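The values are calculated or read from the model by the stated rules, or taken from the named source; none is laboratory data. Fair warning: this is a prediction, and the values are worked out from it, not measured in the lab. Glycine also receives a Cβ, built like all others from the backbone with ideal geometry; neighbour counts cover every protein chain displayed.
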Amino acid sequence: MKLRLAAVALAAVALAGCAGTSKVMLGEARAPIDPAQVRIYGSPPPGSVEIAQLEATSAVGFGTQGQTDAAVARLKREAAALGANGVVLVGVGGSGSPVGMSVGAGTFGRHSGGGLSVGIPTTQKKAAGVAIWVPEAAVPPATTPRGGAAAHRPQVMFG
């Protein structure tokens, strides 16, 4: 039983480290900013300047919305580190990766034991975007239907 728990713990640790980001520089980086200041766009606003093409992946899991959110948050963190105040979201998707886990068998004298093998279907969410710098004059203030100020939250949907 301890062997099974150790195998499960080892697999969990190995899977947790499978998240990451990659970038291809398209322009010059600026001074880093707070990731909370990075906005997500469906298309580049007029006057925006491309800084880098980004791709981020979540940790391996079971295909939850939290994984998608984590991949987008990674895009925002990477963009902020480059001084970008926006990310044009190009796409969000997932890829499956079957993960196998097994426990062996053996004999010792008159005693013998069996094993167990379990396949766990998992996915990893990916998000791709372009880090941009948007001059303040290029971003119109967001308003509610009644004319009050509200946070800008563009809705980007991918089918």
Within the range 57-81, tally of residues that are assigned to a loop (DSSP other than H, G, I, E, B) and of a type in the set (Asp, Glu)
0
Does the range 101-108 contain any residue that is buried (at least 17 other Cβ atoms within 10 Å of the Cβ), modelled with pLDDT under 90, hydroxyl-bearing (Ser, Thr, Tyr) and farther than 26 Å from Pro46 by Cα?
no
Out of Ala84, Ala137, Ala131, report the one residue that is outside any strand (DSSP E or B) and modelled with pLDDT of 90 or more.
Ala84
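For the range 44-88, enumerate the residues that are among the β-branched types (Val, Ile, Thr), over 17 Å from Asp34 (Cα atoms) and touching a residue at least 12 places away in the same chain (Cβ under 8 Å). Spell out how you get there, then give the answer.
Of the range 44-88, the ones among the β-branched types (Val, Ile, Thr) are 49, 51, 57, 60, 64, 68, 72, 87-88.
Adding the requirement that they be over 17 Å from Asp34 (Cα atoms) leaves 49, 57, 60, 64, 68, 88.
Val49, Thr57, Val60, Thr68, Val88, listed by residue number.
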If you scan the range 1-56, which residues turn out to be assigned to a helix (DSSP H, G or I) and modelled with pLDDT of 50 or more?
Pro35, Ala36, Gln37
